[in-house]
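Enquirer: Below are the structure tokens for one structure; questions will follow.
The values are calculated or read from the model by the stated rules, or taken from the named source; none is laboratory data. This one's a predicted model, so the numbers in the text were calculated from it and none came from an experiment. Cβ sites come from the backbone with ideal geometry, for glycine too, and all protein chains shown count toward neighbours.
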Amino acid sequence: MRFRYLLREVMTGLRRNITLTLAVMITVAVSLSLFGSSLLVRAQVQEMKDFWYDKVEVSIFLCGDISDSPTCAGGAISEEEKTQINADLEALKPLVETIYFETQTEALSRFKEQFKNSPLAETATIDQMPESFRVKLSDPTQYAVIAAAFAGRPGIEDVVDQRQALDRLFRALAGLQTLALVIAGVMLLVTALLISNTMRVAAFSRRRETSIMRLVGASNFSIQLPFIMEAAVAALFGTTFATGALVFGKIYLIDQNLATTFTFTTFIGWDAVISVIPWMLLAGLGLAVVAAGLTLQRYLKV
Amino acid sequence: MRPALDDVSVDIEKGEFVFLVGASGSGKSTFLRLVLREEKPTSGNVWVGGKDLTRLSSWKVPTLRRQIGCVFQDFRLLPNRTVAGNVAFALEVIGTAEKEIESIIPNVLELVGLEGKEDRYPNEISGGEQQRVAIARAFVNKPAVLIADEPTGNLDPETSIGIMKLLDRINKIGTTVVMATHDVAIVDQMRKRVIEIDGGKVVRDQSRGVYGMGAS
Ligand SMILES: Nc1ncnc2c1ncn2[C@@H]1O[C@H](COP(=O)(O)OP(=O)(O)OP(=O)(O)O)[C@@H](O)[C@H]1O
Ligand SMILES: [Mg+2]
């Protein structure tokens, strides 16, 4: 009985206020899509960190015949200098975990592999490729130690930390995430205001019922419940749309597009998407219930 | 500014039938609103059913109102609910089981003389019938007290007499009835206790009284 009465009240309420109900659904859907996306971007950054930080190396590029950096003024690096660098690297163990010497031939084939879809691969020649030491650190954050020891040394063209390049990418992604979060926050605020206004209109259009309910002794809770349920149902629909948008994005944007184009990295799986959904539900329903409840405190007094 | 009610001291016993009379603006509705706890007195106490309403916490107000039925001049029915639906409303909002509602409604409608009209909507019945629906709704919880604020104010004399007979019957069942009215004929005919208010003060409290001192 109680349930059927409630259901009927909620459904009439939603229909009576159809335009506002739709507006609430849409703002909830948009703000939660953004909110969910920003959580997914964070998960993606974490995914990439886990994947890449294991693999990053510090590259010490050596001077070749065509190098033009000031440290290469003495021409291509000599065999003795290479041996010395190798010995210095060995001395830095255990920070230096592994040392690998990459020859020009290896560098060329790697270059061709990387740019296999580009005309650059055709025109590259072996003498354009630098020799390098590829160094893997036990603690990748200790890059400065290597840089201090080798950067600027004659015969060394450049010391490049892949991690730094990655960190720039991660920072950009984190910035993107923050931006999405801020916009989502603003949208959620707009949603809260809209829900509050919707409740005010609903309370006004049903003041006859509510005044009669008060007269016959309905509790505050049971007077407010249909209204709060109404906001919650609208928010639930919005959340469902937002979840759908994320699933859609995961399938079409990530799985069918990014993942097939950028094969060098991994992308978030379904577990990440699923773990975001409860937070979206919590945010959507929580916001609706709190905004509705607070408004009704004011407009549905005993 | 003068208070709506000032220095009023009235005792109404269980099972009494009381008329509140007085000119417009004298404070009759305010008196009834105090009993319903729609208003709180700035000073003094209001006791209903052994409880001091001035010290009743607001979450207990609904419980109080379930023990008080009320009827108004403008009926206050829900236009989108049938006669039976309007009466059932009072039971639904306090969570009565559907089975129970179904068994109670026909009895109450019979009591107020609306059998056969349960599926009509308020705009399909007369004012007198609408007031009967309102009375049925007020009475369906078997309240200890029934409050009526000018229940016959919109009705012709004959219909009014019908409503008064109904209220009298409800009173005889054991419900205390407090009714504010301007209806001289009714008050004079019923010969119940009359409390007259003037400018917020009780100027007369007479058992088996009449409307105005010089009226009969
Ligand atoms: N909410 C309010 N705030 C301030 N003053 C009010 C309020 N309600 C009523 N009053 C004043 O209190 C006084 C008593 O009003 P009340 O409604 O009780 O009169 P009444 O006897 O019921 O009149 P009527 O016979 O016309 O219904 C009036 O002077 C009125 O203006
Ligand atoms: Mg009045």
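Enquirer: Of the numbered conditions (1) surrounded by 18 or more Cβ atoms within 10 Å (Cβ to Cβ); (2) modelled with pLDDT under 90, A:G269 satisfies every one except a single condition; which is it?
Expert: Condition not satisfied by A:G269: (1).
Enquirer: Away from chain B (no Cβ under 14 Å), part of a helix (DSSP H, G or I), under 16 Å from the mean Cα position of the chain (by Cα) and under 14 Å from A:L287 (Cβ atoms), is that true of A:A234? Spell out how you get there, then give the answer.
Expert: On the way: away from chain B (no Cβ under 14 Å): yes; part of a helix (DSSP H, G or I): yes; under 16 Å from the mean Cα position of the chain (by Cα): no; under 14 Å from A:L287 (Cβ atoms): yes.
Judged against the criteria, A:A234 is not a match.
Enquirer: Does A:L194 meet the test of being under 12 Å from A:L32 (Cα atoms) and at pLDDT 90 or above? Steps first, please.
Expert: Values: under 12 Å from A:L32 (Cα atoms): no; at pLDDT 90 or above: yes.
Judged against the criteria, A:L194 is not a match.
Enquirer: May I pose another question? Inspect all residues belonging to the stretch B:76-84 and state whether any of them is part of a strand (DSSP E or B), touching a Gly at 6+ places or on another chain (Cβ under 9 Å) and either of a type in the set (K, R) or away from ligand 1 (no atom under 12 Å from the Cβ) (or both). Write out each step before concluding.
Expert: Start the filter on the stretch B:76-84 by keeping residues that are part of a strand (DSSP E or B), which leaves none.
Scanning the stretch B:76-84 turns up no residue that is part of a strand (DSSP E or B), touching a Gly at 6+ places or on another chain (Cβ under 9 Å) and either of a type in the set (K, R) or away from ligand 1 (no atom under 12 Å from the Cβ) (or both).
Enquirer: Return the only residue of A:G175, A:G155 being touching a residue at least 12 places away in the same chain (Cβ under 8 Å) and not basic (K, R).
Expert: On the way: A:G175 fails: touching a residue at least 12 places away in the same chain (Cβ under 8 Å).
On inspection, the qualifying residue turns out to be A:G155.
Enquirer: Within the stretch B:33-53, restricting attention to residues that are surrounded by fewer than 12 Cβ atoms within 10 Å (Cβ to Cβ) and among the small types (G, A, S), which residue is farthest from ligand 2 (Cβ to nearest atom)?
Expert: B:G50
Enquirer: Identify the residue in the stretch B:75-90 that is more than 9 Å from chain A (Cβ to nearest Cβ) and touching a Phe, Trp or Tyr at 6+ places or on another chain (Cβ under 7 Å) and, among all such residues, is surrounded by the fewest Cβ atoms within 10 Å (Cβ to Cβ).
Expert: Of all residues in the stretch B:75-90, those more than 9 Å from chain A (Cβ to nearest Cβ) come to B:75, B:81-85, B:87-88.
Then keep just the ones that are touching a Phe, Trp or Tyr at 6+ places or on another chain (Cβ under 7 Å); that gives B:81-82.
Numbers: B:R81: 16, B:T82: 18.
Out of the qualifying residues, it is B:R81.
Enquirer: Name the pairs whose Cβ atoms lie under 6 Å apart, with the first residue in the stretch A:203-216 and more than 10 Å from chain B (Cβ to nearest Cβ), the second surrounded by fewer than 19 Cβ atoms within 10 Å (Cβ to Cβ), and 6 or more positions between them or separate chains?
Expert: Close Cβ pairs satisfying both conditions: A:A203/A:Y299.
Enquirer: Any idea which of (1) more than 30 Å from B:R81 (Cβ to Cβ); (2) β-branched (V, I, T); (3) more than 15 Å from the chain's Cα centre (by Cα) is the one A:T265 doesn't satisfy?
Expert: The number of the failed condition is (3).
Enquirer: Scan the stretch B:13-32 for residues that are among the basic types (K, R) and more than 9 Å from ligand 2 (Cβ to nearest atom) and jot them down.
Expert: Initial filter on the stretch B:13-32 (among the basic types (K, R)): B:14, B:28.
Across the stretch B:13-32, the qualifying residue is only B:K14.
Enquirer: Could you list all residues from the stretch B:27-53 that are within 14 Å of ligand 1 (Cβ to nearest atom), charged (D, E, K, R) and within 14 Å of another protein chain (Cβ to nearest Cβ)? Give the derivation first.
Expert: From the stretch B:27-53, those within 14 Å of ligand 1 (Cβ to nearest atom) are B:27-36, B:38-42; that's our starting set.
Keeping just the survivors that are charged (D, E, K, R) gives B:28, B:33, B:38-40.
Hits for the stretch B:27-53 are B:R33, B:E38, B:E39, B:K40.
Enquirer: For the stretch B:129-164, give me each residue that is under 14 Å from B:L77 (Cβ atoms), away from ligand 2 (no atom under 16 Å from the Cβ) and not in a helix (DSSP H, G or I).
Expert: B:V140
Enquirer: Is the stretch B:91-102 home to any residue that is crowded, with 21+ Cβ neighbours inside 10 Å, under 21 Å from the mean Cα position of the chain (by Cα), within 13 Å of chain A (Cβ to nearest Cβ) and in a loop (DSSP other than H, G, I, E, B)? Full working, then the answer.
Expert: So the first thing to find is which residues in the stretch B:91-102 are crowded, with 21+ Cβ neighbours inside 10 Å, and the list is B:91-93.
This time we only want the ones that are under 21 Å from the mean Cα position of the chain (by Cα), so: B:91-93.
Then drop every residue that is not within 13 Å of chain A (Cβ to nearest Cβ), which leaves B:91-93.
With the extra rule that they be in a loop (DSSP other than H, G, I, E, B), the set shrinks to B:93.
Yes, the stretch B:91-102 contains at least one residue that is crowded, with 21+ Cβ neighbours inside 10 Å, under 21 Å from the mean Cα position of the chain (by Cα), within 13 Å of chain A (Cβ to nearest Cβ) and in a loop (DSSP other than H, G, I, E, B).
Enquirer: Take B:S24 and tell me if it is surrounded by fewer than 13 Cβ atoms within 10 Å (Cβ to Cβ) and either in contact (Cβ under 8 Å) with a residue 40 or more places away in the chain or within 16 Å of ligand 1 (Cβ to nearest atom) (or both). Can you show your working first?
Expert: Values: surrounded by fewer than 13 Cβ atoms within 10 Å (Cβ to Cβ): yes; either in contact (Cβ under 8 Å) with a residue 40 or more places away in the chain or within 16 Å of ligand 1 (Cβ to nearest atom) (or both): yes.
So B:S24 fits the description; yes.
Enquirer: Out of the helices (runs of 4 or more DSSP H) lying entirely within the stretch A:1-101, which hold 3 or more residues that are surrounded by fewer than 16 Cβ atoms within 10 Å (Cβ to Cβ) and among the charged types (D, E, K, R)? Spell out how you get there, then give the answer.
Expert: Values: elements: A:2-16, A:18-53, A:79-91.
In the stretch A:1-101, A:2-16, A:79-91 are the helices (runs of 4 or more DSSP H) which contain 3 or more residues that are surrounded by fewer than 16 Cβ atoms within 10 Å (Cβ to Cβ) and among the charged types (D, E, K, R).
Conditions (1) among the β-branched types (V, I, T); (2) more than 16 Å from A:Q44 (Cβ to Cβ); (3) in contact with a Lys or Arg (Cβ under 9 Å, 6 or more places away or on another chain), marked per residue:
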{"site": "A:R207", "(1), (2), (3)": "no, yes, no"}
{"site": "A:V233", "(1), (2), (3)": "yes, yes, no"}
{"site": "A:K250", "(1), (2), (3)": "no, no, no"}
{"site": "A:N257", "(1), (2), (3)": "no, no, no"}
{"site": "A:F262", "(1), (2), (3)": "no, no, no"}
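Enquirer: Please go through the stretch A:1-39 and give me each residue that is at pLDDT 85 or above and of a type in the set (S, T, Y), ordered by number.
Expert: If the condition is that a residue be at pLDDT 85 or above and of a type in the set (S, T, Y), then A:T19, A:T21, A:T27, A:S31, A:S33, A:S37, A:S38 are the ones that fit.
Enquirer: For the stretch B:54-71, which positions are within 15 Å of ligand 1 (Cβ to nearest atom) and either at the interface with chain A (Cβ under 9 Å from one of its Cβ atoms) or assigned to a helix (DSSP H, G or I) (or both)? Step through it out loud before you land on a result.
Expert: From the stretch B:54-71, those within 15 Å of ligand 1 (Cβ to nearest atom) are B:70-71; that's our starting set.
Hit for the stretch B:54-71 is B:C70, nothing else.
Enquirer: For the stretch A:128-149, give me each residue that is in contact with a helix residue (DSSP H, G or I) (Cβ under 7 Å, 6 or more places away or on another chain) and not in a strand (DSSP E or B).
Expert: Selection gives A:M129, A:P130, A:E131, A:P140, A:Y143, A:A149.
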